[in-house]
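Read through the structure below, which is laid out as C-alpha coordinates, and then see the notes.
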Amino acid sequence: MNLVLHWALLGLKFIGLMVVGLIYSVAFVCAMAFVYWLITWFAERIVGRKREPAGSDTPRLRGLMKRMARQTLLLALTKEPAFSKLGGEPELPEGLAWPEGVKEPRAFLAQIDLAEVRASDGPEWLPAEGQLYAFYDDWRAGFADEVRILSSLETPGAPVAPASTLAMKWRFQERRAAFLPFRSIPSLDWLGVNLMDLDVSDEELDELSSAPDKPFGDELQHRIGGYPSEIQNGQMRLECEYLARGLEAEAGPPPPAILRASRTWLLLLQIESDPGLKMSWGDAGRLYVFVREADSQKGDFSKTVTISQTH
(Lines give C-alpha, C1' and ligand atoms only; values in the text may rest on other atoms or scores of the structure.)
Protein backbone atom coordinates (compact mmCIF):
# COMPACT_ATOMS: atom_id res chain seq x y z
CA MET A 1 0.00 0.00 0.00
CA ASN A 2 2.83 2.38 0.88
CA LEU A 3 4.54 1.56 -2.45
CA VAL A 4 1.38 2.37 -4.41
CA LEU A 5 0.99 5.67 -2.55
CA HIS A 6 4.64 6.49 -3.19
CA TRP A 7 4.29 5.99 -6.97
CA ALA A 8 1.02 7.94 -7.00
CA LEU A 9 2.70 10.89 -5.32
CA LEU A 10 5.59 10.73 -7.79
CA GLY A 11 3.11 10.71 -10.66
CA LEU A 12 1.26 13.71 -9.28
CA LYS A 13 4.55 15.55 -8.81
CA PHE A 14 5.58 14.79 -12.39
CA ILE A 15 2.23 16.00 -13.72
CA GLY A 16 2.56 19.17 -11.63
CA LEU A 17 5.99 19.86 -13.06
CA MET A 18 4.65 19.38 -16.59
CA VAL A 19 1.77 21.78 -15.91
CA VAL A 20 4.14 24.39 -14.45
CA GLY A 21 6.47 23.97 -17.42
CA LEU A 22 3.58 24.35 -19.83
CA ILE A 23 2.42 27.51 -18.06
CA TYR A 24 5.94 28.94 -18.24
CA SER A 25 6.15 28.03 -21.94
CA VAL A 26 2.81 29.68 -22.75
CA ALA A 27 3.80 32.73 -20.73
CA PHE A 28 7.12 32.95 -22.60
CA VAL A 29 5.43 32.67 -26.00
CA CYS A 30 2.87 35.32 -25.02
CA ALA A 31 5.63 37.60 -23.77
CA MET A 32 7.57 37.21 -27.03
CA ALA A 33 4.42 37.84 -29.06
CA PHE A 34 3.75 41.00 -27.05
CA VAL A 35 7.33 42.21 -27.59
CA TYR A 36 7.05 41.54 -31.33
CA TRP A 37 3.72 43.37 -31.49
CA LEU A 38 5.19 46.29 -29.54
CA ILE A 39 8.18 46.56 -31.87
CA THR A 40 5.92 46.37 -34.93
CA TRP A 41 3.56 48.99 -33.51
CA PHE A 42 6.50 51.30 -32.78
CA ALA A 43 7.90 50.88 -36.29
CA GLU A 44 4.58 51.53 -38.01
CA ARG A 45 3.12 54.24 -35.76
CA ILE A 46 6.16 56.11 -34.54
CA VAL A 47 8.72 55.65 -37.28
CA GLY A 48 6.02 55.64 -39.96
CA ARG A 49 7.37 52.70 -41.91
CA LYS A 50 5.12 49.93 -43.11
CA ARG A 51 6.31 46.40 -43.48
CA GLU A 52 6.65 45.26 -47.04
CA PRO A 53 6.75 41.69 -48.25
CA ALA A 54 10.16 40.24 -48.94
CA GLY A 55 11.23 41.23 -52.45
CA SER A 56 8.82 44.18 -52.68
CA ASP A 57 9.85 47.01 -55.05
CA THR A 58 8.14 49.60 -52.85
CA PRO A 59 11.25 50.76 -50.89
CA ARG A 60 13.20 51.23 -54.14
CA LEU A 61 10.35 53.19 -55.74
CA ARG A 62 9.93 55.38 -52.67
CA GLY A 63 13.65 56.18 -52.76
CA LEU A 64 13.50 56.97 -56.48
CA MET A 65 10.54 59.30 -55.97
CA LYS A 66 12.42 61.12 -53.21
CA ARG A 67 15.57 61.53 -55.30
CA MET A 68 13.63 62.81 -58.33
CA ALA A 69 11.53 65.33 -56.36
CA ARG A 70 11.47 68.89 -57.73
CA GLN A 71 10.58 72.29 -56.36
CA THR A 72 7.09 73.54 -57.18
CA LEU A 73 5.35 76.80 -56.26
CA LEU A 74 1.78 76.82 -55.03
CA LEU A 75 -0.28 79.87 -56.02
CA ALA A 76 -1.72 80.70 -52.62
CA LEU A 77 -4.22 83.40 -51.67
CA THR A 78 -2.62 86.62 -50.47
CA LYS A 79 -4.05 89.92 -49.26
CA GLU A 80 -0.83 91.72 -50.15
CA PRO A 81 -0.60 93.73 -53.39
CA ALA A 82 0.68 91.37 -56.05
CA PHE A 83 0.75 91.21 -59.82
CA SER A 84 0.39 87.43 -59.99
CA LYS A 85 -3.20 86.27 -59.78
CA LEU A 86 -5.83 83.80 -60.92
CA GLY A 87 -8.94 85.02 -62.73
CA GLY A 88 -10.21 88.58 -62.87
CA GLU A 89 -9.00 90.83 -65.69
CA PRO A 90 -5.53 90.63 -67.21
CA GLU A 91 -3.20 93.61 -66.79
CA LEU A 92 -1.89 93.49 -70.33
CA PRO A 93 0.89 95.80 -71.52
CA GLU A 94 0.17 98.19 -74.33
CA GLY A 95 0.26 96.40 -77.67
CA LEU A 96 -0.51 92.91 -76.31
CA ALA A 97 -4.01 91.99 -77.45
CA TRP A 98 -6.50 89.70 -75.74
CA PRO A 99 -6.30 86.46 -77.79
CA GLU A 100 -9.30 85.23 -79.72
CA GLY A 101 -10.61 81.68 -79.49
CA VAL A 102 -12.44 79.58 -82.04
CA LYS A 103 -15.89 81.11 -81.44
CA GLU A 104 -15.32 83.83 -78.81
CA PRO A 105 -12.46 85.50 -76.94
CA ARG A 106 -10.41 83.14 -74.81
CA ALA A 107 -11.08 83.02 -71.05
CA PHE A 108 -8.41 84.63 -68.89
CA LEU A 109 -6.93 82.14 -66.40
CA ALA A 110 -3.89 83.65 -64.73
CA GLN A 111 -1.02 86.11 -64.91
CA ILE A 112 2.41 85.41 -63.44
CA ASP A 113 5.28 87.73 -62.55
CA LEU A 114 8.42 85.78 -63.39
CA ALA A 115 10.59 87.96 -61.15
CA GLU A 116 8.35 86.97 -58.21
CA VAL A 117 8.69 83.33 -59.24
CA ARG A 118 12.50 83.58 -59.26
CA ALA A 119 12.51 85.43 -55.91
CA SER A 120 10.43 82.58 -54.46
CA ASP A 121 13.05 80.01 -55.51
CA GLY A 122 11.02 78.90 -58.51
CA PRO A 123 12.27 76.83 -61.45
CA GLU A 124 15.57 78.03 -62.87
CA TRP A 125 14.51 77.05 -66.37
CA LEU A 126 12.02 79.95 -66.36
CA PRO A 127 13.20 83.45 -67.35
CA ALA A 128 14.12 85.69 -64.42
CA GLU A 129 11.92 88.57 -65.58
CA GLY A 130 8.79 89.33 -67.55
CA GLN A 131 5.17 88.28 -67.28
CA LEU A 132 3.13 85.31 -68.43
CA TYR A 133 -0.60 85.42 -69.22
CA ALA A 134 -2.67 82.24 -69.61
CA PHE A 135 -5.89 82.11 -71.68
CA TYR A 136 -8.26 79.17 -72.17
CA ASP A 137 -10.49 78.09 -75.06
CA ASP A 138 -12.98 75.30 -74.37
CA TRP A 139 -13.41 74.77 -78.12
CA ARG A 140 -9.76 73.65 -78.33
CA ALA A 141 -10.15 70.90 -75.72
CA GLY A 142 -7.97 67.96 -76.69
CA PHE A 143 -5.62 70.10 -78.78
CA ALA A 144 -2.17 71.40 -77.86
CA ASP A 145 -3.33 75.04 -77.65
CA GLU A 146 -6.29 74.52 -75.29
CA VAL A 147 -4.43 76.99 -73.07
CA ARG A 148 -2.45 79.71 -74.79
CA ILE A 149 0.43 81.43 -73.01
CA LEU A 150 1.38 85.03 -73.84
CA SER A 151 4.66 86.45 -72.57
CA SER A 152 5.92 90.01 -72.33
CA LEU A 153 8.85 92.02 -71.02
CA GLU A 154 6.91 95.29 -71.21
CA THR A 155 5.40 97.14 -68.25
CA PRO A 156 1.91 95.78 -67.42
CA GLY A 157 -0.99 98.13 -67.99
CA ALA A 158 -4.39 98.63 -66.42
CA PRO A 159 -6.82 95.70 -66.19
CA VAL A 160 -8.45 94.93 -69.53
CA ALA A 161 -12.13 93.99 -69.52
CA PRO A 162 -13.19 91.10 -71.77
CA ALA A 163 -15.29 91.68 -74.86
CA SER A 164 -19.04 91.45 -74.36
CA THR A 165 -19.08 88.34 -76.53
CA LEU A 166 -17.28 86.29 -73.86
CA ALA A 167 -19.82 84.12 -72.04
CA MET A 168 -20.26 84.81 -68.32
CA LYS A 169 -19.22 81.27 -67.37
CA TRP A 170 -15.73 82.04 -68.70
CA ARG A 171 -15.32 85.18 -66.56
CA PHE A 172 -13.62 83.91 -63.43
CA GLN A 173 -13.38 85.51 -60.01
CA GLU A 174 -10.09 87.17 -59.10
CA ARG A 175 -7.60 85.93 -56.49
CA ARG A 176 -4.21 87.57 -55.98
CA ALA A 177 -1.50 84.99 -55.46
CA ALA A 178 1.72 84.54 -53.52
CA PHE A 179 4.11 81.65 -54.13
CA LEU A 180 4.63 78.92 -51.54
CA PRO A 181 7.41 76.37 -52.18
CA PHE A 182 6.64 72.65 -51.92
CA ARG A 183 8.48 69.48 -52.92
CA SER A 184 6.77 67.86 -55.87
CA ILE A 185 6.97 64.06 -56.07
CA PRO A 186 6.79 62.28 -59.45
CA SER A 187 4.10 59.72 -60.09
CA LEU A 188 4.99 56.21 -61.24
CA ASP A 189 4.48 57.38 -64.84
CA TRP A 190 7.51 59.67 -64.51
CA LEU A 191 9.85 57.03 -63.04
CA GLY A 192 10.42 55.17 -66.29
CA VAL A 193 9.27 51.84 -64.80
CA ASN A 194 6.92 49.25 -66.23
CA LEU A 195 4.06 48.55 -63.83
CA MET A 196 3.82 44.99 -65.16
CA ASP A 197 7.37 44.31 -63.95
CA LEU A 198 6.85 45.60 -60.42
CA ASP A 199 6.52 43.41 -57.35
CA VAL A 200 4.09 45.48 -55.25
CA SER A 201 0.82 44.69 -53.53
CA ASP A 202 -2.42 46.49 -54.41
CA GLU A 203 -2.20 48.41 -51.13
CA GLU A 204 1.36 49.51 -51.87
CA LEU A 205 0.39 50.51 -55.42
CA ASP A 206 -2.44 52.70 -54.07
CA GLU A 207 0.01 54.32 -51.65
CA LEU A 208 2.58 55.02 -54.37
CA SER A 209 -0.08 56.33 -56.74
CA SER A 210 -1.36 58.84 -54.18
CA ALA A 211 2.12 60.07 -53.21
CA PRO A 212 2.20 63.11 -55.58
CA ASP A 213 -0.89 64.64 -53.92
CA LYS A 214 0.17 64.04 -50.31
CA PRO A 215 2.54 67.02 -49.81
CA PHE A 216 -0.30 69.46 -50.57
CA GLY A 217 -2.89 68.10 -48.17
CA ASP A 218 -6.21 69.87 -48.80
CA GLU A 219 -4.63 72.77 -50.71
CA LEU A 220 -5.98 73.51 -54.18
CA GLN A 221 -3.14 72.72 -56.54
CA HIS A 222 -2.72 75.81 -58.69
CA ARG A 223 1.02 75.35 -59.25
CA ILE A 224 4.10 76.37 -61.23
CA GLY A 225 6.81 73.81 -61.99
CA GLY A 226 7.43 70.43 -60.41
CA TYR A 227 5.51 67.34 -61.55
CA PRO A 228 1.82 67.17 -62.43
CA SER A 229 -0.56 65.57 -59.97
CA GLU A 230 -2.35 63.34 -62.45
CA ILE A 231 -5.97 62.35 -62.08
CA GLN A 232 -5.70 59.58 -64.67
CA ASN A 233 -2.91 57.16 -65.54
CA GLY A 234 -0.87 57.91 -68.60
CA GLN A 235 2.48 59.17 -69.81
CA MET A 236 2.05 62.91 -70.12
CA ARG A 237 5.48 63.55 -71.62
CA LEU A 238 4.71 61.26 -74.55
CA GLU A 239 1.25 62.75 -74.89
CA CYS A 240 2.85 66.22 -75.06
CA GLU A 241 5.19 65.15 -77.83
CA TYR A 242 2.41 63.59 -79.91
CA LEU A 243 0.18 66.66 -79.44
CA ALA A 244 3.01 69.01 -80.36
CA ARG A 245 3.56 67.06 -83.59
CA GLY A 246 -0.16 66.79 -84.34
CA LEU A 247 0.05 62.99 -84.27
CA GLU A 248 -2.13 60.28 -82.79
CA ALA A 249 -0.38 57.97 -80.34
CA GLU A 250 -0.12 54.42 -81.66
CA ALA A 251 -0.22 51.14 -79.76
CA GLY A 252 3.10 49.70 -78.72
CA PRO A 253 6.42 51.32 -77.82
CA PRO A 254 6.92 54.88 -79.20
CA PRO A 255 9.54 55.54 -81.87
CA PRO A 256 12.97 56.34 -80.35
CA ALA A 257 12.92 59.92 -81.70
CA ILE A 258 9.60 60.66 -80.01
CA LEU A 259 10.72 59.01 -76.77
CA ARG A 260 13.90 61.13 -76.66
CA ALA A 261 12.06 64.37 -77.48
CA SER A 262 9.39 63.66 -74.86
CA ARG A 263 11.95 63.93 -72.07
CA THR A 264 12.34 67.67 -72.67
CA TRP A 265 8.81 68.61 -71.54
CA LEU A 266 8.37 70.32 -68.15
CA LEU A 267 5.25 71.30 -66.25
CA LEU A 268 4.81 75.06 -66.59
CA LEU A 269 1.40 75.53 -65.00
CA GLN A 270 -1.25 73.39 -63.32
CA ILE A 271 -4.73 74.88 -62.84
CA GLU A 272 -7.24 73.18 -60.55
CA SER A 273 -11.02 73.22 -60.67
CA ASP A 274 -11.79 75.90 -58.08
CA PRO A 275 -15.37 76.65 -56.96
CA GLY A 276 -14.20 79.86 -55.28
CA LEU A 277 -13.03 81.17 -58.66
CA LYS A 278 -15.92 79.53 -60.56
CA MET A 279 -13.41 77.46 -62.51
CA SER A 280 -14.43 73.94 -63.47
CA TRP A 281 -12.68 71.61 -65.90
CA GLY A 282 -14.96 68.65 -66.59
CA ASP A 283 -15.77 66.77 -63.38
CA ALA A 284 -13.47 68.58 -60.90
CA GLY A 285 -10.56 68.15 -63.31
CA ARG A 286 -7.25 69.92 -63.90
CA LEU A 287 -5.45 71.71 -66.70
CA TYR A 288 -1.74 70.99 -67.23
CA VAL A 289 0.39 73.28 -69.41
CA PHE A 290 3.80 72.00 -70.49
CA VAL A 291 6.75 73.70 -72.17
CA ARG A 292 10.03 72.49 -73.59
CA GLU A 293 12.94 73.45 -71.36
CA ALA A 294 14.92 74.99 -74.24
CA ASP A 295 11.95 77.12 -75.33
CA SER A 296 11.32 78.35 -71.79
CA GLN A 297 14.94 79.36 -71.28
CA LYS A 298 14.69 81.44 -74.47
CA GLY A 299 11.46 83.06 -73.26
CA ASP A 300 9.46 81.39 -76.05
CA PHE A 301 6.05 80.25 -74.80
CA SER A 302 4.36 80.09 -78.20
CA LYS A 303 4.60 76.28 -78.44
CA THR A 304 3.25 75.09 -75.10
CA VAL A 305 1.07 71.98 -74.91
CA THR A 306 -2.00 71.59 -72.71
CA ILE A 307 -3.42 68.35 -71.36
CA SER A 308 -6.71 68.26 -69.45
CA GLN A 309 -7.86 65.46 -67.18
CA THR A 310 -11.07 64.91 -65.25
CA HIS A 311 -12.45 62.41 -62.74
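The table for this structure:
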| read-out | value |
| --- | --- |
| Euclidean distance between Cα centres, the range 51-104 to the range 114-165, Å | 13 |
| Nearest-0.05 FRET efficiency for Ala251 and Arg70, computed from C-beta distance (R0 25 Å) | 0.20 |
| 11 Å beta-carbon shell around Glu146, net charge (K/R +1, D/E -1) | 0 |
| Debye equation applied to the C-alpha atoms of the range 166-256, log10 I(q)/I(0) at 0.18 Å⁻¹ | -1.02 |
| Potential extension, Phe83-Asp206 segment - 0.36 nm per residue separation minus Cα distance | 40.4 nm |
| Probe 1.4 Å - accessible area at Val102, Å² to nearest ten | 90 |
| Rotationally averaged projected area of the range 52-141 (alpha carbon convex hull; nm²) | 10.0 |
| For the range 122-197, diffusion coefficient by Stokes-Einstein and Kirkwood Rh (Cα), 25 °C, 0.890 mPa s, µm²/s | 145 |
| The range 85-224 - percent of accessible surface contributed by carbon and sulfur, probe 1.4 Å | 50 |
| Under-5 Å amide H pairs with Ser152, H placed in peptide plane, nonlocal only | Gln131 |
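The values are calculated or read from the model by the stated rules, or taken from the named source; none is laboratory data. This is a predicted model, so every value here is computed, not measured. Cβ: placed from backbone, ideal geometry, glycine included. Neighbour counts: every protein chain shown. Note: areas computed on protein heavy atoms with side chains; ligands, DNA, RNA excluded. Shrake-Rupley method; radii C 1.70, N 1.55, O 1.52, S 1.80 Å.
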